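Here's the structure we're looking at; comments come further down.
The values are calculated or read from the model by the stated rules, or taken from the named source; none is laboratory data. None of the values given here were measured: they were computed from a predicted structure. Quick reminder, even Gly has a Cβ in these numbers, built from the backbone with ideal geometry, and neighbours come from all protein chains shown.
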Amino acid sequence: MFFIDKPWKFDHETKKPFTVLSNVFIPPMRKHCAVYAASLGQAASFHLDRQGYVPGEAIKPSAEISNGSSRNIDKSYVELIMELIMVMAFYVEKETWVEKKKITRLTRTAVPSHSEDVWSGQQLRIPPLPPSLLPAATLLTYIVQLRVEPSGPWKVLKIPLEVVVGNPPADPLGSMRTHGRQLPHCRPKPQLRDPICRAYSHSQSVKLKKMAATRRLQKELGDLLSEGSSLKRSFRDIVVDESNILLWHGLICTDQPPYNKGAFKIEISFPAEYPFKPPKVIFKTKIYHPNIDEKGQVCLPIINAENWKPATKTDQVISSLIALINDPEPEHPLRADLAEEYTKEKKKFLKNAEEFTRKYGEKRPVD
């Protein structure tokens, strides 16, 4: 049996079994933390799904690195850093001793000039470590840091996010009863600090997340509006408010019957955490379709939270949406009656869908 009660004497590289005799303390932090940084044409955004972990768990970092400069990025990596601060007081004099130690890291390959790299699905496993937030003169904190190193004598981009590593109770026998009485805990349960990153207030964090989303969406919008876009004819009349790039409106124009008798207005709303969270698509025009309900909500697998990947772009979402319109999926319906009609009486469904589109659809643009 092994207990982590003296973090400054604990060798994190040593593997020892231990038994937990009462509930494991896991900081209940579920807030997202994202930071955006940029330097001379190179930019990065960094995001964690939460801030509370215990040893043995995996941190799942998400990051987007954009190299818009003429220089290559040699490498980028995410590392877990332990920061130990000891305060020694002698009457009125105080001395502070700080030590930082890199625990583990994930490394990525180079990012060439004018290209991007998206981190998704990788795991940074937490080894056995002493817990954060111990009430003592020794302050122990953990930092998960994204580091982007460009070639040559240029500034390294660093984005640090603080995490909390939980622990078994410091006195595991405190929850057991001996001779009819309960033994007191040798230490009180650690009190949680503000879960927002130490270097940023909540409002700053939200602002930085939106900056990263804005930059990504500006590029994607430019691609959609370009002459070479494959969606130039099928996704048209794109309207984006300059004051809020997170909200798009556009017109879907399919070439296949029965939906080619009209067009359909849609609204795409992007979260501030985009591209780490998927957008939402709503039909503003009524449509006779088993996968789109009366409120305009659409069952589109590519933007489901379980399937979403940060590398997915808006043009891929639109392409998937058009494919779903042209080829309904009755096995995953939002309108069971239309799914049954499509499956059992397809000719009737196509006729009804065409009449419905003529009646409620938007006027198609003239090329």
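Only one entry of Tyr274, Tyr360 meets the criterion of being of a type in the set (Ser, Thr, Tyr), more than 30 Å from Glu116 (Cα to Cα) and touching a residue at least 40 places away in the same chain (Cβ under 8 Å), and that entry is Tyr360.
Here is a check on your reading of the model: is Pro135 in a loop (DSSP other than H, G, I, E, B), surrounded by fewer than 18 Cβ atoms within 10 Å (Cβ to Cβ), in contact with a Pro (Cβ under 9 Å, 6 or more places away or on another chain) and modelled with pLDDT under 85? Judged against the criteria, Pro135 is a match. When region 332-347 is filtered for residues that are loosely packed, with under 11 Cβ neighbours inside 10 Å and among the small types (Gly, Ala, Ser), only Ala336 remains.
Residue-by-condition table, conditions (1) without any contact (Cβ under 8 Å) to a residue 12 or more places away in the chain; (2) under 28 Å from the mean Cα position of the chain (by Cα):
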| residue | (1), (2) |
| --- | --- |
| Arg216 | no, yes |
| Ser229 | no, yes |
| Ser243 | yes, yes |
| Ala263 | no, no |
| Gly296 | no, yes |
| Leu300 | no, yes |
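Taken over region 285-322, the criterion of being within 16 Å of Leu334 (Cβ to Cβ) and of a type in the set (Lys, Arg) is satisfied by Lys286, Lys295.
Surrounded by 15 or more Cβ atoms within 10 Å (Cβ to Cβ) and modelled with pLDDT under 85: is that true of Pro169 in this structure?
Here the answer is yes, as Pro169 does meet what is asked.
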